[in-house]
Amino acid sequence: MRTELSALAELAGELRAADVTDWTAVSGRFTQWANRPGLRDELRHHLQTLSGEVAAAVISRSRETTTHFAWCLLNQPGDKFSFWLHEYKPQRDWRIGYADSVHNHRYHFCTTILRGCYVHERFDAELDANGLVIKSATMVHSGVCEAGEAGTMLSDQFHRIPKAADGTMTFLVKSRPVRGWSLSFDPATNVSRRHVPVEERLGNLADRL
């Protein structure tokens, strides 16, 4: 059986050799890769055999969100992509935040559900003339995504995950950011927010003192 490290190395090698600006092509390759037998076992073994130095690097790159823990397994400076595991919190621990609002992302990504399931909703969003505010959002699809399913989201597409089964985990391949911010929208209050990552704010930090 292939090891988990070889599974990740295989995908990384193919993406390094491919034109990752064509995310449709990335999506097709990712779907094939995600359907490999024993992927969960391979990823589990990879995590169990991380060296202390590599484990520390994973921890330093990872973060907690309002709905899940985002574990960064691979993020090499020369790559045009990164690998992530998302560990969803029990629903009772969710705080109103990003994943359960209507939102887009600064990057494209492909994902597969390793265990559990979640409700996934896609939306058409009407933006203002400058593309900085969501004026309205209309649901165009809603369904339950189960373990083994794979999907793709582009940076200009909007979605929401209002509910995930306890113990849900997903694997993602993310592109590098293709825009400087993302947007979220609360349909209950019609409030739109623009999200600028902290690393983008450093250059202007001194001016705010």
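A few points about this structure:
- Neighbours by Cβ (under 6 Å, 6+ apart or cross-chain): first from segment 36-57, under 17 Å from Phe83 (Cα atoms); second assigned to a helix (DSSP H, G or I) and of a type outside the set (Gly, Ala, Ser): Glu42/Glu4; Leu43/Glu4; His45/Glu4; His46/Glu4; His46/Leu5
- For segment 153-164, the count of residues that are within 20 Å of Asn75 (Cα to Cα) and loosely packed, with under 15 Cβ neighbours inside 10 Å is zero.
- Here the strands (runs of 3 or more DSSP E) wholly within segment 93-209 that include at least 1 residues being within 19 Å of the chain's Cα centre (by Cα) and at pLDDT 95 or above are 109-115, 117-127, 134-146, 150-153, 158-164, 169-175, 182-186.
Rundown of residues vs (1) in a helix (DSSP H, G or I); (2) surrounded by fewer than 19 Cβ atoms within 10 Å (Cβ to Cβ); (3) under 14 Å from the mean Cα position of the chain (by Cα), yes/no style:
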position: Leu8; (1), (2), (3): yes, yes, no
position: Asp19; (1), (2), (3): no, yes, no
position: Ala25; (1), (2), (3): yes, yes, no
position: Leu47; (1), (2), (3): yes, yes, no
position: Leu73; (1), (2), (3): no, no, yes
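- No other residue among Val58, Val54 is at negative phi, under 17 Å from the mean Cα position of the chain (by Cα) and not in a strand (DSSP E or B) apart from Val58.
- Answer residue from segment 172-206, given it is in contact with a Phe, Trp or Tyr (Cβ under 9 Å, 6 or more places away or on another chain) and β-branched (Val, Ile, Thr) and is farthest from Val133 (Cα to Cα) among those: Val173
- Thr31 outside any helix (DSSP H, G or I) and under 30 Å from Met139 (Cα atoms): no
- Residues of segment 168-209 satisfying the condition of being among the polar types (S, T, N, Q) and in contact with a strand residue (DSSP E or B) (Cβ under 9 Å, 6 or more places away or on another chain): Thr168, Thr170, Ser175, Ser182, Ser184, Asn190, Ser192
- When residues of segment 83-92 are limited to those that are in a strand (DSSP E or B) and more than 10 Å from the chain's Cα centre (by Cα), the one nearest to Phe185 (Cα to Cα): Tyr88
The values are calculated or read from the model by the stated rules, or taken from the named source; none is laboratory data. Because the structure is predicted, anything quoted here is derived from the model rather than measured. Note that each Cβ is placed from the backbone with ideal geometry, even for glycine, and that neighbours are counted across all protein chains shown.
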